[in-house]
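Structure record follows, encoded as structure tokens.
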Amino acid sequence: MKTYSQKGSEVSRDWWVIDASTLPLGKLAVVIADKLMGKSKVTYTPHIDNGDYVVVTNAKHLVVTGNKMVDKKYYRHSGFPGGLTELKLEEVIEKDPTLAIKEAVKGMLPKNKLAADRMARLRVFEGAEHAHTAQNPKEIK
């Protein structure tokens, strides 16, 4: 028996929708990264991007455990001396709730050439409504 290796022309993508208020942030990011990479498919091939599209709703009602709302910090640097900016998770959720989910998923994906294309297939919405109902996404439970 030979090992199956999927070709780029054989890739078929599904649409999935998940509610961010059902799982804690870390577990949510694991499920999303799994779908974006295509690891849940039997045709998974590491060097081929065969992942699916994922729509995340209710980012505004993000769930975290413990004191992460106050203790978890997001850093960015302007490139100039003294240009380090630090934001708490609660400040990030006030400003842009989609950023916390995107950063968590980005951290779960492998750091390679396929990461940017995988992140482009992630769609995060603040409320319960999303613009991808025409794609008939299946719900992740």
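Any read-out appearing in this document is the output of simple, stated calculations on the displayed coordinates, not a laboratory observation. Just so it is clear, the model here is predicted, and its values are computed rather than measured. Methodologically, a virtual Cβ is constructed for each residue, glycine included, from the backbone with ideal geometry; neighbour enumeration extends over all protein chains shown.
Mind telling me which of the residues ALA29, ALA33, ALA20, ALA100 ends up being over 17 Å from ILE140 (Cβ atoms), in contact (Cβ under 8 Å) with a residue 12 or more places away in the chain and within 11 Å of the chain's Cα centre (by Cα)? Outline the logic, then answer.
Numbers: ALA29 fails: over 17 Å from ILE140 (Cβ atoms); ALA33 fails: over 17 Å from ILE140 (Cβ atoms); ALA20 fails: over 17 Å from ILE140 (Cβ atoms).
Testing whether each residue is over 17 Å from ILE140 (Cβ atoms), in contact (Cβ under 8 Å) with a residue 12 or more places away in the chain and within 11 Å of the chain's Cα centre (by Cα) leaves just ALA100.
In the range 45-69, the qualifying residues are those that are among the hydroxyl-bearing types (Ser, Thr, Tyr) and surrounded by 17 or more Cβ atoms within 10 Å (Cβ to Cβ), and the one that is nearest to LYS35 (Cα to Cα) is TYR53. Filtering the range 27-42 to residues that are more than 18 Å from LEU114 (Cβ to Cβ) and part of a loop (DSSP other than H, G, I, E, B) leaves only VAL42.
Being charged (D, E, K, R), surrounded by fewer than 17 Cβ atoms within 10 Å (Cβ to Cβ) and in contact with a strand residue (DSSP E or B) (Cβ under 9 Å, 6 or more places away or on another chain) is true for just one of GLU86, GLU10. Which residue is that? Just one listed residue meets the conditions, GLU86. Residues that are acidic (Asp, Glu), assigned to a helix (DSSP H, G or I) and either within 23 Å of ARG123 (Cα to Cα) or in contact with a Phe, Trp or Tyr (Cβ under 9 Å, 6 or more places away or on another chain) (or both) within the range 56-109 comprise GLU90, GLU91, GLU94, GLU103, listed in sequence order. Within the range 110-141, the set of residues being within 13 Å of VAL17 (Cα to Cα), touching a residue at least 12 places away in the same chain (Cβ under 8 Å), assigned to a loop (DSSP other than H, G, I, E, B) and of a type in the set (A, V, I, L, M) comprises ALA128, ILE140.
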